[in-house]
1. Over the chain, with a Gaussian network built from C-alpha contacts below 10 Å, which listed residue (140, 12, 65) shows the highest mean-square fluctuation?
2. Once you keep just the Cα pairs under 8 angstrom separated by 6 or more residues, what percentage relative contact order results for the chain?
3. Which order do the peptides 147-159, 96-108 take when ranked by the mean count of other beta-carbon atoms within 10 Å per residue, highest first?
4. Could you put 53, 130 in order of accessible surface area, largest first, with the 1.4 Å probe and the full protein assembly present?
5. Pairs 119/335; 99/276; 199/283: which exceed 29 Å Cα-Cα?
6. Can you list which of the GluC sites (Glu not before Pro) found in the stretch 189-295 are DSSP loop residues with at most 14 other C-beta atoms within 10 Å?
7. Cα to Cα, under 28 Å, and not fewer than 8 places away if on the same chain: which lysines meet these conditions relative to residue 56?
8. Take every Cα pair under 8 Å in the stretch 165-284 that's 6+ residues apart, average their separations, divide by the length, and report that relative contact order as a whole percent.
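The values are calculated or read from the model by the stated rules, or taken from the named source; none is laboratory data. What you see is a predicted model, and the numbers here were worked out from it, not measured in a lab. Ideal geometry is used to build each Cβ from the backbone, glycine not excepted, and the neighbour counts take in all protein chains shown. Keep in mind that these areas ignore ligands, DNA and RNA; they rest on the heavy atoms of the full protein, side chains included. Shrake-Rupley method; radii C 1.70, N 1.55, O 1.52, S 1.80 Å.
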Amino acid sequence: MSNIIYTQNNPSYVSILNSTIMNSQFSISSSTSKPLVIITPFHASEAEATVICAKKYGLQIRTRSGGHDAAGLSYLSPVPYVILDLTNLRSVEVDVEDKTAWVQAGATLGEVYFRISEKSSTLGFPAGICYTVGVGGHFSGGGFGVLMRKYGLAADNILDALIVNAKGRVLDRKSMGEDLFWAIRGGGAVSFGVVLAWKIRLVHVPSKVTAFNVVRDLEKPENKKLVHQWQYIAHKIHEDMFLFVRIQTANSSTKGNTKPVLQATFTSVFLGRVEKLLPLMQKSFPKLGLVKSDCFEMSWVQSIVLLNGFVIGTPPNALLDRSKPQGRPTSFIMKADYIEEPIPEHVLEKLWERLSEEKVGIASFQIFPYGAKMSEIPESQIPFPHRAGNLYEFTYVVRWNEDGNVTATER
């Protein structure tokens, strides 16, 4: 099958252009500069031809890998441009014996995880949680997830790549050289070419992992202390444990009370059975009060399904759904900070007070622990310097609806 070219006169042009847009802030309006053409290659040669033609006619290329685009970088440009949409380049070829896989850049994380699980129940890959993310941007930007404290980032586990350079040539690791191979893993690859595929190192996961979600009401003083204590524990706990926290507001259950209630959800995936997890938590974080009934044993791929909000027992093939989240479109800005010292308890108290104000609306943020393997890998190994010295990543989003009401929420 040959690539499909969509021009502005094509009736499918608008739907294809909007296919990965999830942020209404960057929605395509009549005044937005649109690409002259959208190319959807099925073969590497078609991506090569796109680069050569764009260079010849002085057009920029915006590459998108088929996942959702939160920042709008793959479909906005102040100068004439074309979109190279790699959605059709999405194969995942798993080699169980070699413990590697070749993943085309148009695949999503969900497709990668599912295809690995089809071949092995004891192999996984250390990348992100959200299954609709495209691997092209995720791997080239670093890619952190629940396995990073054990195995590092996605980019730390890339063994080879195929990239189309500015001359329209397809290069692998040997032909591109180690300098370029270093540059495309962790700092973004778009400045250097179009990555068509990645060879990844698969990692060992046990046949059963243990997951839990423990919700604590932050109206209680003792529960507020849990978040403060987490800062001193999560980056030091055993590398098989990834324990992150979501802080969010919820509607009050008290009649007539419109003031939001603040909750903290402690979520974990532990690479082992519950019998090993409970003593570890009792030793490292006893005040959380984790009990066996909070915990669920499942396969690693099933834990990814659970972390994406599906009910326990949902088949892993749910990860193959590439459609955008449904519902009313919203606009948002996502930011992240790296925290090197624990936030003092009195500062957190002011944060809780601010989030609990009625005018704030629905608010949420997440904090992800570093440490373990992330502190062992030199910051110069790849162009991702956020290693030793960082306790956790603090992620938050400001979101607003079309009527102008502003809220903050996690994504």
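1. Ranking 140, 12, 65 by mean-square fluctuation puts 12 first.
2. On the way: 907 pairs, mean separation 63.1, N = 411.
Reported relative contact order: 15 percent.
3. Details: 147-159: 23.6, 96-108: 20.2.
So the peptides 147-159, 96-108, ranked by packing, come out 147-159, 96-108.
4. Values: 53 75, 130 45 Å².
So the residues, ranked largest to smallest area, are 53, 130.
5. On the way: 119/335 36 Å; 99/276 27 Å; 199/283 39 Å.
Distance filter (> 29 Å) returns 119/335; 199/283.
6. Working: sites: 219, 222, 239, 275; in loops: 219, 239.
For GluC sites (Glu not before Pro) across the stretch 189-295 that sit outside H, G, I, E and B with at most 14 neighbouring Cβ atoms in 10 Å, the list reads 219.
7. 34, 167, 174
8. Details: 122 pairs, mean separation 33.8, N = 120.
Value for the stretch 165-284: 28 percent.
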